[in-house]
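Participant: Here it is, the structure in full.
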Ligand code: AMP
Ligand code: FE
Ligand code: FE
Ligand code: ZN
């Protein structure tokens, strides 16, 4: 049976693997399709596409946008977006700038707590446009200022801890629209993790295309509930491991195996959307 992992991160956001390393693992595990979903970024897609092609794996370009709806944080996966789309790139660049400024603020807070972390060390370690809290945590470990990542989050970086800085986010409705105008499909990521069930109807109204039913942090019962919700709202079903590489021991790739039929449905919907957008809205006028 063919299967896929549609939720993966590389070092172009807060994963530790390069696209080539990630595809190497995917190939060894027998995946027929892989998607790259780095946070607020599509920077790694060209390299991941090339590595997948060389390995005979179907590649789904994507991203994971951090958004909000009525103060609830929602992660939206944008699949099959045009990674060259100008508005898409300029909008996500704004959120990458927000992330970079937030690194400065988090380091300033740490310094205010007499934790002598240098901001340059975080940017050197992150080495991408879309840095986040995991990079600050890894830089703290590397500088010997905390023992491990858990300590970094528990003492400083978790929500409401002293070095936590809230992140300006786009609204979930804008995120759906942004993904659509770049030709992509919008899928709610791990609803069981963010507890965002209540928001599903409003997002369906706004054009949400799917929900991530299978995820490392979803129990079997949770996955079944989301399959039923997907069925009720006629949504695509997706799933993935949310692998961030070696940041926490064994990599998660291989722990979620999405049946390939769902990839076929995703590709079919993207294809029909594209052909719809290519049909002129009004019939061409015949010259007199
Ligand atoms: P950010 O987007 O900068 O707010 O960082 C969020 C990312 O941090 C998530 O995608 C996870 O990869 C990671 N993360 C969140 N909480 C923890 C935690 N308690 N321990 C380790 N990593 C975490
Ligand atoms: Fe992450
Ligand atoms: Fe997420
Ligand atoms: Zn993720």
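Participant: Using helices alone, I'd like the mean residue ellipticity at 222 nm for the chain: each DSSP H run of four-plus residues gives -39500 (n - 2.57), total over residue count, nearest 500.
Facilitator: -12500 deg cm²/dmol
Participant: I've got another one for you. Arrange the following residues from fewest to most other Cβ atoms within 10 Å of their Cβ: 263, 42, 98. Write down the numbers at each step before the final one.
Facilitator: Values: 263 23, 42 26, 98 15.
Going from least to most buried by this count: 98, 263, 42.
Participant: Rank by packing, highest mean first: peptides 241-251, 7-17, 27-37, 143-153, with packing defined as the count of other Cβ atoms within 10 Å averaged across residues. Don't skip to the answer; put the middle values down first.
Facilitator: Details: 241-251: 17.2, 7-17: 25.3, 27-37: 21.6, 143-153: 15.5.
So the peptides 241-251, 7-17, 27-37, 143-153, ranked by packing, come out 7-17, 27-37, 241-251, 143-153.
Participant: Here is a follow-up. Report the label-to-label distance for residue 70 and residue 54 in nanometres (one decimal), using points 7 Å from each Cα along the Cα→Cβ vector.
Facilitator: 4.9 nm
Participant: If you don't mind, there's one more thing I want to ask. For the chain, what's the relative contact order in percent, using C-alpha pairs closer than 8 Å and at least 6 residues apart?
Facilitator: Relative CO of the chain lands at 22 percent.
Participant: Another question, if that's okay. From Cα coordinates alone, what are the radius of gyration and Dmax values for the stretch 31-95 in angstrom?
Facilitator: That works out to 13.0, 44 Å for Rg and Dmax.
Participant: Packing-wise, with mean Cβ within 10 Å as the measure, how do 184-193, 210-219 rank, highest first?
Facilitator: 184-193, 210-219
Participant: Along the principal axes of its C-alpha atoms, what lengths does the chain span, in descending order and rounded to whole Å?
Facilitator: Principal-axis extents of the Cα atoms in the chain, largest first: 75, 47, 38 Å.
Where a number appears in this text, it was derived from the coordinates with a stated rule and is not lab data. This structure is a prediction, so every number in the text was calculated from the model and none was measured. A quick note on method: Cβ atoms are made from the backbone with ideal geometry, for glycine too, and the neighbour counts reach across all protein chains shown.
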